[in-house]
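Novice: Right, I'll just put the structure down here and ask away after.
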């Protein structure tokens, strides 16, 4: 359970991120703080966790291979960008035995490590299936319980050890605790909300005359959103719809992102029978039907392994973590007010390239080249 100190510090961290994001763009009249008593309703936007840009740029087979790669010099999981990251555990014969998936923001773990290091270490040990976590591989250079050591020092040590150059407890070797991709952060979430919470219209248009397509809006959001993802265009479209209804919006509470379901019915045994929900564990609840972590592994007493299953929709045997991510439903949670809480002020938005959707994959291709170069070495 998260204590009051962690909860209070996390709320302050979210509001600060929203404030910083709002200062970088024209101020949205629809953006509000999480404590606003008018924002009492929940709006969810959901998508599957398989990164679409990798698939559309490289093709499914190559994308699945590189998505599991941990060898990128700038950090592990370089293409796991759909606000879901995972690690794959294989047996000595290469067959998948377990896949751990998380949608936890790194900033939340920074707050947890700063204000409740006991709980942070307990969770790390649990995720790694160890009795105790090696403290120096979570807080390198700092004794989190030492005299005079405060929250700022603990947070800085945790970030340097677990996020900047992730230790085995977060790079997938022994465990995965939270996301590390630069797009899967609180700052990215706040920037997306602050930039897209507008009632966008065409030049000379009016609210209600036809919504501006998400890919057009994204062109004007700089780095706040990326076209071609499964997530960002859906979130942008939903934020625009809420703004057109005159609703105030803010980031959900207590977390912005959650796993809201898994398609366990698609996983089949070699005889064609469903593997069943017992293969899945949804962990770290974040509200009714919402979880921060999922694990796919054989239930006790089962002789088969994850790699012995196949996906009935694709007819592929499970050989990669991306196939499992394709079964996971991730949701972005917004807190919103009733319609008409604020006057609708339209903002003009015009395409800069003729309105063509543009899922540019140059960064994806660069990572693929690095991956194939390492594989050939």
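The values are calculated or read from the model by the stated rules, or taken from the named source; none is laboratory data. Small disclaimer: the values here were computed from a predicted structure and weren't measured. Reconstructed Cβ throughout: ideal geometry from the backbone, glycine too, with neighbour counts over all protein chains shown.
Novice: Scan the range 10-36 and report the pairs whose first residue is at pLDDT below 90 and whose second residue is in a loop (DSSP other than H, G, I, E, B) and surrounded by fewer than 17 Cβ atoms within 10 Å (Cβ to Cβ), with Cβ atoms within less than 9 Å and a gap of 6+ or a chain change.
Specialist: Cβ pairs passing all conditions: 24/222; 25/222.
Novice: Same structure, new question: Among (1) under 15 Å from residue 117 (Cβ atoms); (2) surrounded by 21 or more Cβ atoms within 10 Å (Cβ to Cβ), there is one condition residue 160 misses while meeting the rest; what is its number?
Specialist: (2)
Novice: Can you work out which of the residues in the range 278-314 that are within 22 Å of the chain's Cα centre (by Cα) and over 19 Å from residue 87 (Cβ atoms) is surrounded by the fewest Cβ atoms within 10 Å (Cβ to Cβ)?
Specialist: 288
Novice: Out of (1) buried (at least 21 other Cβ atoms within 10 Å of the Cβ); (2) more than 18 Å from residue 191 (Cβ to Cβ); (3) in contact with a helix residue (DSSP H, G or I) (Cβ under 6 Å, 6 or more places away or on another chain), what's the single condition that is false for residue 80?
Specialist: Here residue 80 meets the rest and fails (3).
Novice: Same structure again: Among the residues of the range 83-107, what is the count of those that are surrounded by fewer than 19 Cβ atoms within 10 Å (Cβ to Cβ) and more than 13 Å from residue 324 (Cα to Cα)?
Specialist: Number satisfying all stated conditions: 6.
Novice: Considering the range 19-46 alone, what residues qualify as being surrounded by 15 or more Cβ atoms within 10 Å (Cβ to Cβ), more than 15 Å from residue 254 (Cα to Cα) and in contact with a strand residue (DSSP E or B) (Cβ under 8 Å, 6 or more places away or on another chain)?
Specialist: Hits for the range 19-46 are 22, 30, 31, 32, 45, 46.
Novice: Could you pull out the residue among 193, 255, 260 that is part of a loop (DSSP other than H, G, I, E, B) and touching a residue at least 12 places away in the same chain (Cβ under 8 Å)? Step through it out loud before you land on a result.
Specialist: Working: 193 fails: part of a loop (DSSP other than H, G, I, E, B); 260 fails: part of a loop (DSSP other than H, G, I, E, B).
So the residue among 193, 255, 260 that is part of a loop (DSSP other than H, G, I, E, B) and touching a residue at least 12 places away in the same chain (Cβ under 8 Å) is 255.
Novice: With respect to residue 172, determine if the residue is part of a loop (DSSP other than H, G, I, E, B), within 30 Å of residue 140 (Cβ to Cβ) and in contact with a strand residue (DSSP E or B) (Cβ under 7 Å, 6 or more places away or on another chain). Spell out the reasoning first.
Specialist: Details: part of a loop (DSSP other than H, G, I, E, B): yes; within 30 Å of residue 140 (Cβ to Cβ): yes; in contact with a strand residue (DSSP E or B) (Cβ under 7 Å, 6 or more places away or on another chain): yes.
Judged against the criteria, residue 172 is a match.
Novice: I would also like to ask the following. Against the conditions (1) within 24 Å of the chain's Cα centre (by Cα); (2) without any contact (Cβ under 8 Å) to a residue 12 or more places away in the chain; (3) more than 24 Å from residue 287 (Cβ to Cβ), where does residue 126 fall short? Just the number, please.
Specialist: Here residue 126 clears every test but (3).
Novice: Still on this structure: Return yes when residue 214 is crowded, with 21+ Cβ neighbours inside 10 Å, without any contact (Cβ under 8 Å) to a residue 60 or more places away in the chain and within 29 Å of residue 253 (Cα to Cα) and no when it is not. Give the derivation first.
Specialist: Numbers: crowded, with 21+ Cβ neighbours inside 10 Å: yes; without any contact (Cβ under 8 Å) to a residue 60 or more places away in the chain: yes; within 29 Å of residue 253 (Cα to Cα): yes.
Answer is yes for this residue.
Novice: Only one of 186, 221 is under 28 Å from residue 108 (Cβ atoms), crowded, with 16+ Cβ neighbours inside 10 Å and modelled with pLDDT under 90; which? Full working, then the answer.
Specialist: On the way: 186 fails: modelled with pLDDT under 90.
Being under 28 Å from residue 108 (Cβ atoms), crowded, with 16+ Cβ neighbours inside 10 Å and modelled with pLDDT under 90 holds for just one of 186, 221, which is 221.
Novice: Next up: Can you tell me which residues in the range 315-352 are under 28 Å from residue 99 (Cα atoms) and surrounded by fewer than 18 Cβ atoms within 10 Å (Cβ to Cβ)?
Specialist: If the condition is that a residue be under 28 Å from residue 99 (Cα atoms) and surrounded by fewer than 18 Cβ atoms within 10 Å (Cβ to Cβ), then 315, 316, 317, 329 are the ones that fit.
Novice: Hey, can you tell me all the residues within the range 106-122 that are more than 16 Å from residue 166 (Cα to Cα) and more than 19 Å from the chain's Cα centre (by Cα)?
Specialist: 114, 115, 116, 117, 118, 119, 122
Novice: Here is a list: 110, 74. Which entry is closer than 20 Å to residue 137 by Cα and surrounded by fewer than 15 Cβ atoms within 10 Å (Cβ to Cβ)?
Specialist: Details: 110 fails: surrounded by fewer than 15 Cβ atoms within 10 Å (Cβ to Cβ).
Within the list 110, 74, the selection yields 74.
Novice: Which ones in the range 115-157 are closer than 18 Å to residue 9 by Cα and part of a helix (DSSP H, G or I)?
Specialist: 115, 117, 118, 119, 120, 151, 152, 153, 154, 155, 156, 157
Novice: Limited to the range 317-349, what total is found for residues that are within 24 Å of residue 83 (Cβ to Cβ) and part of a strand (DSSP E or B)?
Specialist: Within the range 317-349, residues that are within 24 Å of residue 83 (Cβ to Cβ) and part of a strand (DSSP E or B) number 9.
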